[in-house]
């Protein structure tokens, strides 16, 4: 219960997209340090496991298309269930990868009425303008995301 | 569980709108005194923090429009997540401010099928008739809101 | 968690409609005796309080229409929040009252995709055929409702 | 297209409930006389056909319960499709019949966010207070409904 | 059908809010001059009729609250049906009136996922920041709205 | 809370369809052995009880059609409430039975946006192609389902 | 417009499932003979085309699983768009085929709140009890479906 | 109406994403040549107009971020209204651009339950696996899309 003079609001936050850098850890650590009432959800971030999960569990494929397809659909079980359950979806983009899955997740979240926070370096502004346009906040660093989460929960 | 002869029903109540008077504290204190099973949610009520949050976290702006825009969109992360989660939305209007955000929240809540309680002095009846028309109850004082919450939860 | 060989499923059940007999107590007592994982919700069942709540909290009215209107809309805060949260809605009809509110609640629940159980004596079959037609089960006694709840939860 | 200075808005209106009096004809005639852009939908209003449709098409039943059940469910095909497609649902209640189906349709329509107009004599105010409380307008005569439809479409 | 090289897209646009100036006529005239495939919807803009409609059709009231209430709820029949049917909702704010109904309609439209265009003079930026934050475009003049509609339909 | 370096995600999983073999026990046992954060829901799997529940609680029927009808509708109370609450629906098909109810549940779950896992022997591929086409994963054994659940939750 | 004394209601009806017999033609011919205001939608009923469409358009596959998968997913484009647009879904089952796709479509339609009419010989009653339990009408012949459509549209 | 032996089904198809090549014209021309009952919707495809629309209509900005933001949000008015109205969304990806907006639209469409067709060269399979996994069909050429549309509409 929110007591008089006390305004904590818990949130469920999904950390979508890029699995190659430690941006999730930075956000989670920052939130833990601040003691914020945030529960995090995330995709499977073990990249080789994620790429091979389809054939590893459901059997080998000759064509890469079906190998990828089987894996992507299994990964979507977790991704979609997590987005549905979240209040806020944070999506991180970087220079290095195409990250169409991150943009897909952002669109999926926006259509469900989730609050979107996008994180990317300023050089990507023009390329990401449609995604940014759907976001409640466009940050450049994980640290800014922590500050936003602190502000909206405390 | 509702036992025979016992009818407590917990509710989640969002206290929308005006951040300049202590009406939220009055409702929360009344509910606490009565021991009602009500969980409250509210926007950030620290007014200067709320006005500056956008530029304070995401960087300065030359134009007031964008300063306000960045702040308003961050505040909406909390507001919308809170309205979505609520059973009841209480919206308080006063003579002093335009409070278009309070009316916006009322419309947002009504479209989601939330139960709306509006609080305002009788002088505002004509100006607020469309908002009142969407409400389940139109009260004049926080104390009446407490009595309504007591009635519908006990 | 459902263990192998164990199939308990908890349910939230709203007991709609008639407030003049003790049918709710019978169902609740039966469910408690059987130890079923059912949480009950119900409208305010104190009839005079329910009729007077509008004017009692929000001020007297000269016309009965507005007295009833103010009361009915406050009662709907609890009723609607409860139906939205339920898995199953049980609606009891009897010979004695018109109970249009019970039929209204049944329609409201059906449109939201809730599972409907209707309870009434066989004499009312023709008059209630449209409501029965929307129900998953049509019982004649509270004891049958308890048995249905036992069956679907155990 | 709405031209400057011209404000016609077409509406789809479902006329729910009582099939024993000519109230639908009165509303339809009034709307036609006024040339309003209203399309009406209605249940099957041939009462004996409506009562017998289940057994007449799908085969006889020994028990009245199933005769009624089969008929009611076929009638619901039209009723539900019509309510889904409507902007406004008008529900008429009279002294003579229990009309639980009318109240059920009102609840169904309310849960779908349809605009509800209820018509009944003033003597029924207390018994219908919950249905009235969900309505945008409570009229006493078909002629008032025509005037409301004229006002909101012209 | 969209032919190769031809990109017209029809839209339904609701013009919400202020009924005291001719801003609707300016937008409609501009759209007609440009021959755009836009269908407009609007509330009843005859102000005295709108204020009196409740008591005029459904009978006099002693208290102003109920006079306003009956009128506001009848007006909402048209307003809500129109917003539900629209692709885009344009809301105009001015200095002169409180226009809580305009802000309510904006919130209602936003929650339904409608595209929002807000029109107001720059002096109102701070007071309208939450409404602007939910809008796809914030214009200062009806002429800018016409240009936006031309751009998104041609 | 998801800690840095820890990725557990709890899921609610409904085990639909076939009640004649022990496939549910195999999945549940596998999940328990692995200590996965999965809560299972299932239909009533006592086959004779399930077939007779309608007449056993609500009274005998002369015609098998109504005996089956009453039972099926009571069983649907649990089935539908369980599917609505689930993140993932697992549906198992075998050679021996027609299992139209399993395919019905799969369609119901797909329309609600639930994640679908189908289990069947390879011989049924052609007959089940439309159901498989809606699934996130098509497994041949309960053990593969356990591995998928382990992957998407750990 | 529904004139006084005239009650035609148009419907969109999807004819799901079995593509091996001429039941669709019988229903369509009956409806045309009766001049009913029914628009029919159906899946692609050219069976070999339907089975091969995936590989025929998108390229050959070595494994039957992917051949079926690609075809089934293309067929679902039409099936799902058609079910979404329908008021009523008719599903026909026969002795000869497993028709899991028909049962899947029935479940999909039921979850979307579509009105369901099931057609099957009486021998299948027990096996289809869950599907029948979700239907507004259970017919044995296409001719009965025509009579139901005549009743609900005239 | 679908006549016996005739199976045309009209569709609304949104052509999302890449505006730098003539793939839309190829699909539209192919559909016109085949006389298919397909209505196309598309974003504004005049690239410079699309980039400048925000500042061109709503006033200049010093920072590129806000120039892009204002333009992207105006473009979204058309994009979102079009996706909402479509049955099928076709999304084309190429090697040359990042096209995060195309992936965003694909996610948005998927969350709304639209049928997704993705077009891309085989080299992009791994990068697009999550988007492909949500699609009903993955084509390599516009001509294949025409063939799919011919198949599902004729």
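Quick note: the coordinates plus some simple rules give every number you see, no bench work behind them. A quick note: this is a predicted structure, and the numbers were derived from the prediction, not measured. Here Cβ is always computed from backbone atoms with ideal geometry, including for glycine, and neighbour counts include all displayed protein chains.
Quick notes on this structure:
- Angle in degrees between helix A:64-85 and the longest Cα principal axis of chain A, rounded to the nearest 10: 20
- Cα-based helix-to-principal-axis angle, D:100-111 vs chain D, degrees rounded to 10: 50
- Ranked B:95, E:18, criterion: other C-beta atoms within 10 Å, fewest first: B:95, E:18
- Semi-axis lengths (Å, descending) of the ellipsoid that matches the C-alpha gyration tensor of segment D:1-88: 35, 14, 8
- Between helix E:23-34 and chain E: long-axis angle, C-alpha atoms, 0 to 90°, nearest 10: 30
- Model label points for residue D:49 and residue B:46, set 7 angstrom from Cα along the Cα-to-Cβ axis, are 7.0 nm apart.
- Here the spin labels are modelled as points 7 Å beyond Cα on the Cα-Cβ line, and at residue F:63 and residue C:25 they lie 4.1 nm apart.
- Remark: mean inter-chain Cβ contacts per residue of E:114-127 equal 3, using a 10 Å Cβ-Cβ cutoff to other protein chain atoms.
- Nearest to the axis that brings chain C onto chain H is this chain C residue, judged by its Cβ, with the distance in whole Å: C:113, 8.
- Look at the stretch A:34-46: the mean tally of other chain Cβ atoms within 10 Å of its residues' Cβ atoms is 3.
- The overall shape of the protein assembly as shown is rounded: from the C-alpha gyration tensor, with semi-axes ordered a ≥ b ≥ c, the ratio a/c is less than 1.5.
- Overall Cα dimensions of segment B:15-61, principal axis frame, Å, largest first: 46, 19, 13
- Shape class of segment C:106-154 from the alpha-carbon gyration tensor: oblate, with a/c at 1.5 or above and b/c at least as large as a/b.
- Segment F:1-149: C-alpha gyration tensor shape, a/c 1.5 cut-off, then a/b vs b/c: prolate
- Exercise: per-residue mean of other protein chain Cβ atoms within 10 Å, C:59-69: 5
- Residues B:114, F:67 arranged by fewest to most Cβ contacts within 10 Å: F:67, B:114
- The mean sequence separation of alpha-carbon pairs under 8 Å and at least six residues apart, normalised by the residue count of chain E, gives a relative contact order of 30 percent.
- Spatial separation of Cα centroids for segment B:7-41 and segment F:114-144, in angstrom: 49
- Each Cα pair under 8 Å and six or more residues apart adds its separation to the average, and for segment C:1-81 the resulting relative contact order is 27 percent.
- Theoretical ellipticity at 222 nm over the protein assembly as shown - DSSP helices of four or more residues, -39500 (n - 2.57) apiece, nearest 500: -15500 deg cm²/dmol
- When A:147, E:24 are sorted by how many other C-beta atoms sit within 10 angstrom of their C-beta, beginning with the fewest, the order is A:147, E:24.
- The C-alpha radius of gyration of segment E:65-154, expressed as a fraction of 2.2 N^0.38 Å, stands at 1.14.
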